[in-house]
Amino acid sequence: MDPVSRSSQRMRFGAFDVDAHSGELRKNGRKIKLQDQPFQVLLLLLEHSGEVVTREELRQKLWPEDTFVDFDVGLNSAVKKLREALGDSADSPRFIETLPRRGYRFLLSVETAEPRAFGAPVKSIAVLPLENLSGEASQEYFADGMTDALITSLAQISALRVISRTSVMRYKGARTALPEIARELNVEAVVEGTVLRVGERVRIHAQLIDARTDTHLWAEKYERPLGDILVLQSELAQAIAAEIRVRLTPQEQARLAGARLVDPKAYDTYLMGRLHWNRRTREGIEKGLQYFRKSLERDPSYAQAYAGVADCYNMLAYWGWDAPGEVFPAAKDAALRALEIEETLGEAHTTLAWVLILYEWDWEGAARELKRALQLNPGYPTTHQCYGHYYAYLGRHKEAQACVTRTLELDPLSLIMNSNAAFMHYYAQQFQWAREQAEKTVEIEESFTPSHLCLGWVHEQAGRVDKAVGEFDRAIALSGGSPLSRAALGRMLAMSGRCTEAHDIADELEELRGKRYVSAYYLAFLYAGLRETDKALCWLEKAREERSAWAVMMKVDPKFAELHGEPRFHELLRRIGLEG
C-alpha cells in the first residue's frame, strides 16, 4: 500500500476522522481528547498504514536526540493513550498491532480528503466554549471569558449573525456532534478551540469548521502576553471573517483594528465580574459590581469595566432590588464615563439607553443611543431586547415583535431572551403566544423565576385561578419571597374573591417599604386587582414620583386595563411621555 502523505490534511478510517492541520481526532463527528504526542504517533502510523513503523523510526521523528525523556516509557505511554482514545486493545487489536521489539502497524485502510472551500459566504456562526487546557477548575472563568470576548468581537460585523454567549454555553462540556449543534443553533459555521493561560501569557488555538459539510477550513495558534489579549481577540475575529468571506465595512475594520492593550490584572478581574454578572441573581450582580470596581481601581481607563458597573446598577434597579433614585444615576454616570473613554463601545450605548427609557423617560435620547449601539455592534442581543422594550412601552407592538425575533435568532437558548419574548407577547395582549413562549422558557430551565411570573399573569387573564396561584407560589419560592412575586399572588387572590388575604399581603408590603425599597408599582397592580381604583392610582403616582423602573409599562400592562377610562391615569401617561 502506498504511504499516505502528511500533506493530506484530513484522513478517515472507520468511524474516525483525523485532521492533521488542527490536531483533532473525531469519532462520528464528536471530538476525542488526545494529547499531542499520541496524536503525532497516530499521524505517523496513518501515513504508513499497513506497513510496520519501527520503534527507531518513531524515535527519530518524534523523540529527537536532544529530548531528555526516557524514549521507551514515552512511546509506550503514547501508544497506550492512543489505544484508549480509539477504544482499541493490545491483545485483540482492531487498529494498532504491536510487533514485539520491532514496532507497530496500523491495520485499517485510510482514506484521504483535502479541505473544501466554502460554497458560499457564511452569514451565521457560533463560537463554542473554548476548552480550558490548564486542568484547573479555577481557570474555567478565563476560558469562558475568552469565548465571550471572541463572540463580542465577531458580533460587531453587521453581515454576520453570531450566536450569543448564553446559548453556546449550554454546550460546554457536551459531547454533541458539531453538525447537530449547528442545526440546533441554525448556523452555517462553527468556531471551536482551546485556551491555556500560563502566568502572564495566554495561548489560544482556534479552528473554523463548515458545519454544512463538517469540513475543517482553518486553524491557527496564537501566544501572547495577557496584556495583548484584546488585540489578539480582534485579530482572531478578522482572520475568521476573512476565511468565511464576510465583507467588513471600513468602520468595522477600524474598530477591530483599534483594540487597545489592557492591564492583565484589570482584565482578569473584569472577567470575574462578567462571570458573576451572567448569573443574573442579586448576589451575582452585587459580586459582579465589586469585581468591576476592582478592575477600575487597577485601570481607571478601562471602558468595558465601566460598562459592567452600569449594567449591574441597571439590573439592581430593574428588578427592584435597590431604589431607582440611588442606582440609575450611578448607572448613567458609569455608562457616560465608558463612552467618554471609548465612544465606539456599543454595549455602553445600550446601557445608557436603558437608563433613558426606565428612569429619565427620554424617548428621543433612547432612540438615538439604540441606533448608535446597533451601528457599532449589530449582533449584541441586549440592544435588540432594549429596542423591543422601547417600542412595546410606546404601544408599537409590531416593531417590538421584530426586535424579539432578532433576539431569539442571536440567542435562541437564552433564558433572558426567551422570557423577554413571553413578556413582549403579554404586553401586546397576545396571551396564547405569551403562554407558549413562557412554557418554552420553563422547559429550558424550570427554576427561572420570570417565566413563572409571566405564566401566572397569562393564566390570570384567562381566569385559570388555580394555575395562576400555583405559578405565583412557585415564583415566591424560587425568588426567596420577592415583593414582586408576593404582589402578583396578592392580586390573583383579590381577583378570585380572597380579598382578606390580598389585603394582608398589601399591608405586609407597605410595612416592608419602611425597611427597604419595594416598588410602588407592585402595590398599584395589587390594588387594581382589589378594584380599589383610587388606591391603585395613588400608588401609580408614587411609582412615577420614585421613578420605578416598571412605571413605563403602565400603558401596555394588562393589569391596568380597567384604569384606561380614568383621567388621572392618562395624566400619568402624559407626564411619563407615553401620551401627547
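Here are a few things to note about the model shown:
- Checking every one of the trypsin sites (Lys or Arg not before Pro) in region 91-183 against DSSP loop status and a limit of 12 other Cβ atoms within 10 Å picks out Arg101, Arg102, Arg116, Arg175.
- A straight chain from Arg224 to Glu446 at 0.36 nm per residue would run longer than the Cα-Cα distance by 75.8 nm.
- Relative contact order (%) - the chain, alpha-carbon pairs under 8 angstrom, separation at least six: 9 percent
- Extension gain from Glu343 to Arg396, taking 0.36 nm per residue of separation minus the Cα-Cα distance: 16.2 nm
- For region 263-378: rounded, prolate or oblate by the Cα gyration tensor [a/c cutoff 1.5]: oblate
- DSSP assigns beta bridges within the chain; of those with both partners inside it, close to 85 percent run antiparallel.
- FRET efficiency estimate (nearest 0.05) - Cβ-Cβ, Arg279 to His564, R0 51 angstrom: 0.85
- Cβ charges +1 (Lys, Arg) and -1 (Asp, Glu), total dipole of region 10-113, debye: 420 debye
- For region 263-378, the tally of Lys pairs with Cα-Cα distances below 21 Å comes to 5, considering only residues 8 or more apart or on different chains.
- Relative contact order (percent, whole number), region 263-378, Cα cutoff 8 Å, 6+ residue spacing: 19 percent
- Placing pseudo-labels 7 Å out from each Cα toward the beta carbon at Arg574 and Ala477 gives an inter-label distance of 4.8 nm.
- Packing-based ranking, highest mean first, of 185-193, 317-325, 396-404, 52-60 given that Cβ atoms within 10 Å are counted: 185-193, 317-325, 396-404, 52-60
- Label-point separation, Glu510 to Leu261 (7 Å along Cα→Cβ), nm: 6.3 nm
- Residues Val122, Val442, sorted so that the one with the fewest Cβ neighbours within 10 Å comes first: Val442, Val122
- Sites Ser138 and Asp333, calculated FRET efficiency, Cβ-Cβ separation with R0 30 Å, nearest 0.05: 0.35
- FRET efficiency estimate (nearest 0.05) - Cβ-Cβ, Glu297 to Asp72, R0 56 angstrom: 0.55
- Projected label distance in nm at Glu501 and Gln432, using a 7 Å step from Cα toward the beta-carbon: 3.1 nm
- With contacts taken as Cα pairs under 8 Å at a separation of at least 6 residues, region 125-231 carries a relative contact order of 27 percent.
- Residue-span extension gain [Glu97 to Asp534] - 0.36 nm each, minus C-alpha spacing: 148.6 nm
- Qualifying lysines (Cα of each under 30 Å from Cα of Lys80; at least 8 residues distant if same chain): Lys27, Lys31, Lys33, Lys61, Lys172, Lys221
- For region 415-490: rounded, prolate or oblate by the Cα gyration tensor [a/c cutoff 1.5]: oblate
- All Cα-Cα distances of region 124-261, cut into 10 Å bins from zero to the largest, leave 12, 45, 35, 8, 0 percent in each bin in turn.
- (i) 26.6; (ii) 24.1; (iii) 34.4, with the label sought being that of the calculated Kirkwood radius over Cα pairs in Å: (i)
- Order of Ser485, Ser138 under a 10 Å beta carbon neighbour criterion, fewest first: Ser138, Ser485
Each value in this text was obtained by applying a stated rule to the coordinates, not by laboratory testing. Computed from a predicted structure; not experimentally measured. Reconstructed Cβ throughout: ideal geometry from the backbone, glycine too, with neighbour counts over all protein chains shown.
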